[in-house]
Amino acid sequence: MLGHRKKAAPAGKNGAGTSRLKAIDPLRNLGVSEDEDVKRMLQGSSMVKVRSPRWQKRRTLKLLEDGVTVWCQSQKTSSRAKEQQSFSVLEVECVREGCQSEMLRQLGGSVPEGRGLTVVFKGPRKSLDLLCQSQEEAQHWARGIRKLQGRVENMSQKDKLDHWIHAYLSRADQNHDDKMSYEEVQTLLQMINIDLSDQYARSLFQKCDRSADSRLDHGEIEIFCRELLRRPELDTVFLRYSANDSVLSTVDLRDFLKDQGEDASLIHAQSLILTYELNEWAQKNQFMTPNGFTMYMLSKENCVFNPEHARVYQDMKHPLAHYFISSSHNTYLTKDQLTGDSSIEPYIRALNHGCRCVELDCWDGDKGEPVIYHGHTLTSKIPFVQVIEVINEYAFKASPYPLILSLENHCSVEQQTVMAQQLRSILGDKLLTKPLGGLDPHSLPSPEDLKGKILVKGKKEHGAGEGSSSTSDLSSSDEEASRTEGKHPSKKGDQKPSVSKLSPELSELVVYTCSVSFKSFEHAARNPATELSSFSESDALRHIKDSGMYFVRHNSHQLSRIYPSGQRLQSSNYNPQEMWNGGCQIVALNFQTPGEQMDLNQGRFLQNGQCGYMLKPPFLCQPGTTFNPENVGGGPGHRPVLFTVRIISAQQLPKPEWDKPSSIVDPQVWVEIHGAPIDNNKKKTQYIDNNGFNPQWDCTFNFTVHAPDLALVRFMVEDHDFTSSNDFLGQYTLPFTSLRTGYRHVRLLKLDGSTLSPASLFVHVTVGPCESSPNKSSAKSPARSPTKSLAKGP
């Protein structure tokens with residue numbers, strides 16, 4: 001256990017309150033030491049790695065003893081190649097069984113379908129296409145990877161720390177004798193990002209070397225690791241609430257819970273002791289020891305994100321226009337807009353992360369089969385039918401709420417008809433083909449009404465004489481291309497014949513999301529709620545700045561889709577917060593490009609069960625609202641609060657991937673507010689020299705947040721550098737209204753949004769009424785100031 005009061009039990013004794021020290025066993029911690037699939041993975045399997053029909057090479061894949069790393073044996077010697085020779089199960093987006101990937105499909109019938117296996121990774125890493133020796137072997141690996149992912153994700157923070165330290169112990173034990181010399185301990189310290197003085201490191205080594213043989217065995221290594229993992233700042237909190245400086249009584253614990261803004265009932269305090277206190281005597285007498293308190297503070301129960309918001313808690317029966325909708329731009333691209341590969345895998349990644357609007361740029365292909373790619377560029381092409389098959393498979397795995405297919409249609413009438421046929425035949429009953437009965441025809445249906453349905457967004461032919469407003473809509477791709485070339489977007493009389501004609505079969509599939517050109521807010525207000533306009537980022541910003549209130553009113557009734565400028569050739573992103581401030585729902589971003597903008601998007605949709613729909617605040621939904629996103633000094637949405645955050649410490653920060661093994665990071669923390677223009681602000685701590693393991697800042701910041709319902713809070717950690725730009729280490733972004741007050745851990749994420757476990761920040765949060773001088777920084781410890789939970793329903 002963590003904490004400084006735990007004593008090592010004498011070897012050979014078994015009794016209440018004692019324990020026998022054991023070496024960390026990752027497979028036992030994961031509960032898979034007897035699992036048949038995992039056993040097969042540990043033995044290793046000979047497979048064929050496929051990069052093309054001509055490039056096929058035999059590789060041996062083997063699960064390492066840490067239970068999370070898969071080694072792929074290769075003859076390559078470069079450092080970059082060696083990095084690519086292994087992967088963690090936590091880096092895997094999904095495992096696809098059979099010959100389903102574009103690459104394995106090219107092999108046709110030359111290999112049995114069941115022997116194929118594709119590992120799809122999170123982030124930019126290319127997928128791994130494999131041919132196993134048998135279908136049974138492929139199933140062992142597919143089930144095993146999924147099983148390990150599930151077990152690791154559900155591990156306690158304490159077990160994650162054990163796992164993390166075991167991985168480094170294995171690497172530092174250079175002669176593989178399961179013991180650690182002082183030299184190997186120095187290597188370990190370097191690996192885990194801590195710069196201890198030689199004097200302190202040697203004294204700690206000697207303290208743990210109870211056998212006095214200058215080598216640490218399993219039990220001594222565990223004692224050494226526990227000393228390293230001590231959390232004195234948690235002990236300080238414990239002592240602040242303990243009446244006798246030894247244990248927390250139920251009364252002490254209730255005081256702590258009250259200050260945390262949580263359930264401070266006797267029953268809840270007793271349940272926490274039963275859950276987290278491992279000392280039998282303390283548990284029986286309803287006390288919590290320092291070790292039990294540490295276990296509790298490291299648990300998911302003390303995450304800064306409100307766990308009530310991790311489920312769908314909002315009312316899902318409002319019209320679609322009343323929700324922010326997680327949306328992807330040019331979903332098929334893996335990199336840039338000019339030469340990048342197109343693939344079905346970005347659709348899998350987007351859908352698995354709750355994206356509810358994906359884009360398909362459709363063009364005429366060979367042999368009458370439509371394809372998807374970024375037209376008039378060197379990006380590769382993928383068959384439309386393969387994308388629809390993947391969408392059918394993954395549409396509702398992460399969210400049950402409606403998925404919108406944003407069709408950018410450049411196809412001939414004949415191939416549009418093929419698209420319509422493929423949509424119907426593959427999607428079946430999931431495809432919405434006619435309006436729902438019994439609903440208000442003047443309003444859009446709700447996500448609840450459309451659960452499990454796929455909607456087609458595109459142009460729709462009406463009767464003769466009334467179709468001009470719909471069929472003249474420019475696709476975002478058309479407008480991007482024209483802007484990139486320095487031309488004004490073409491008007492309806494200038495369009496090519498190939499995009500001015502619609503297939504009746506495809507037009508029929510457009511029901512609630514009919515693409516139309518935007519003329520004016522007055523014109524749009526007279527038209528049905530089923531009409532949807534797309535705006536370039538620059539046009540949307542102009543409307544927000546010049547006619548903010550009218551744009552918000554427009555977005556209370558109709559859907560708006562925002563897309564990146566065509567000049568963003570490297571697939572960079574605009575700031576989505578500015579668009580959300582205007583009530584825009586479908587704010588499409590390049591999901592393949594990590595960075596601050598995608599952090600904000602992930603943070604925005606972190607709440608409500610990550611279902612991809614987030615109910616907008618009431619002042620963005622009322623038809624006659626007077627809210628102006630450019631001015632929230634009063635009126636709707638203005639309810640200023642004082643947000644105080646104390647950055648106490650960090651734990652187990654990573655090194656930048658490109659750093660030298662001997663380097664140690666100098667971390668500093670940014671706290672950022674993203675919201676209405678009046679609220680945008682950021683502050684940073686000082687940097688800590690040479691300590692990524694357990695740096696401590698104890699630095700307090702105050703922010704006035706005027707429109708908290710719109711705000712996001714972003715914690716970002718970077719490695720300070722005097723000679724070059726600072727390196728990103730990790731971040732976490734969440735809605736301001738999902739913050740929990742009190743002492744909390746912030747679980748950091750990688751650049752691509754995946755977990756950085758066990759890296760975290762330890763913070764204290766308070767939210768209260770504004771004071772006259774909110775920007776004065778205070779170094780005083782927020783000892784027992786009463787706080788309230790920010791959790792609230794819509």
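The values are calculated or read from the model by the stated rules, or taken from the named source; none is laboratory data. Predicted model, so just to flag it, every value in this text is computed and none were measured. Neighbour counts are summed over all protein chains in view; Cβ atoms, including those assigned to glycine, are modelled from backbone coordinates with ideal geometry. Surface accessibility is based on the protein's heavy atoms, side chains included, excluding ligands, DNA and RNA. Shrake-Rupley method; radii C 1.70, N 1.55, O 1.52, S 1.80 Å.
Kindly indicate whether Leu42 is at pLDDT 85 or above, part of a helix (DSSP H, G or I) and not hydroxyl-bearing (Ser, Thr, Tyr). Criteria met by Leu42.
Looking across Gly261, Gly292, one residue alone is within 29 Å of the chain's Cα centre (by Cα) and of a type outside the set (A, V, I, L, M, F, W, C). It is Gly261. Contact map, region 687-710: residues that are at positive phi paired with residues that are outside any strand (DSSP E or B) and of a type outside the set (Phe, Trp, Tyr), Cβ distance under 7 Å, separation 6+ or inter-chain. Pairs shown: Asn690/Asp195; Asn690/Ile664; Asn690/Asp666. Set side by side, the residues Ser482, Ser560, Ser534 differ, and just one is farther than 20 Å from Phe619 by Cα, at pLDDT 95 or above and not in a loop (DSSP other than H, G, I, E, B), which is Ser534. Scanning region 276-310 for residues being among the charged types (D, E, K, R) and buried (at least 20 other Cβ atoms within 10 Å of the Cβ) gives a total of 1. Kindly list the number of the only condition in (1) among the β-branched types (Val, Ile, Thr); (2) crowded, with 18+ Cβ neighbours inside 10 Å; (3) touching a residue at least 40 places away in the same chain (Cβ under 8 Å) that fails for Ile273. Of everything listed in (1) among the β-branched types (Val, Ile, Thr); (2) crowded, with 18+ Cβ neighbours inside 10 Å; (3) touching a residue at least 40 places away in the same chain (Cβ under 8 Å), Ile273 misses just condition (3).
Among the residues in region 427-437, are any touching a Gly at 6+ places or on another chain (Cβ under 7 Å), of a type outside the set (Val, Ile, Thr), under 30 Å from Arg125 (Cβ atoms) and surrounded by 20 or more Cβ atoms within 10 Å (Cβ to Cβ)? Taking every residue of region 427-437 in turn, none turns out to be touching a Gly at 6+ places or on another chain (Cβ under 7 Å), of a type outside the set (Val, Ile, Thr), under 30 Å from Arg125 (Cβ atoms) and surrounded by 20 or more Cβ atoms within 10 Å (Cβ to Cβ). Just one of the listed residues (Phe293, Phe384) is hydrophobic (A, V, I, L, M, F, W, C) and under 30 Å from His268 (Cβ atoms), and it is Phe293.
Of the strands (runs of 3 or more DSSP E) that lie entirely inside region 624-709, those containing 2 or more residues that are open to solvent by less than 40 Å² (accessible area, probe 1.4 Å) and at pLDDT 95 or above span 641-651, 667-674, 696-705. Look at Cys94 and say whether it is of a type outside the set (Val, Ile, Thr), open to solvent by less than 40 Å² (accessible area, probe 1.4 Å) and more than 22 Å from the chain's Cα centre (by Cα). So Cys94 fails the test.
Would a scan of region 527-550 turn up a residue that is in contact with an Asp or Glu (Cβ under 7 Å, 6 or more places away or on another chain), surrounded by fewer than 17 Cβ atoms within 10 Å (Cβ to Cβ), of a type in the set (Lys, Arg) and on the phi < 0 side of the Ramachandran plot? Yes, that holds for at least one residue.
The residues of region 208-232 that are part of a helix (DSSP H, G or I), at pLDDT 85 or above and surrounded by 18 or more Cβ atoms within 10 Å (Cβ to Cβ) amount to a single one, Cys208. Please specify each residue of region 386-423 satisfying the condition of being open to solvent by 40 Å² or more (accessible area, probe 1.4 Å) and over 32 Å from the mean Cα position of the chain (by Cα). Scanning region 386-423 gives Val413, Glu414, Gln421.
When the criteria are applied in full, Asp263 meets the requirement of being of a type outside the set (Gly, Ala, Ser), at pLDDT 85 or above, in contact with a helix residue (DSSP H, G or I) (Cβ under 8 Å, 6 or more places away or on another chain) and not in a helix (DSSP H, G or I). Taking region 94-180 and the helices (runs of 4 or more DSSP H) fully enclosed by it, the elements with 1 or more residues that are within 26 Å of Glu345 (Cβ to Cβ) are at 102-105, 135-153. Residues that are without any contact (Cβ under 8 Å) to a residue 60 or more places away in the chain and open to solvent by less than 10 Å² (accessible area, probe 1.4 Å) were ranked within region 552-572; the one that is farthest from the chain's Cα centre (by Cα) is Ser560.
May I ask you to verify whether Gly123 is at pLDDT below 90, open to solvent by less than 70 Å² (accessible area, probe 1.4 Å) and under 25 Å from the mean Cα position of the chain (by Cα)? Yes. None of Phe728, Phe715 is among the aromatic types (Phe, Trp, Tyr), surrounded by fewer than 20 Cβ atoms within 10 Å (Cβ to Cβ), within 17 Å of the chain's Cα centre (by Cα) and at pLDDT 90 or above except Phe728. Report yes if Ser249 is open to solvent by 40 Å² or more (accessible area, probe 1.4 Å) and out of contact with any strand residue (DSSP E or B) (no Cβ under 7 Å at 6 or more places or on another chain), otherwise no. It is false that Ser249 is open to solvent by 40 Å² or more (accessible area, probe 1.4 Å) and out of contact with any strand residue (DSSP E or B) (no Cβ under 7 Å at 6 or more places or on another chain). The residues of region 333-378 that are aromatic (Phe, Trp, Tyr) and under 27 Å from Cys584 (Cα atoms), listed by number, are Tyr347, Tyr373.
Just a yes or no: is a residue in region 314-334 at pLDDT below 95, open to solvent by 50 Å² or more (accessible area, probe 1.4 Å) and not acidic (Asp, Glu)? Checked against the condition, which is being at pLDDT below 95, open to solvent by 50 Å² or more (accessible area, probe 1.4 Å) and not acidic (Asp, Glu), region 314-334 yields no hits at all.
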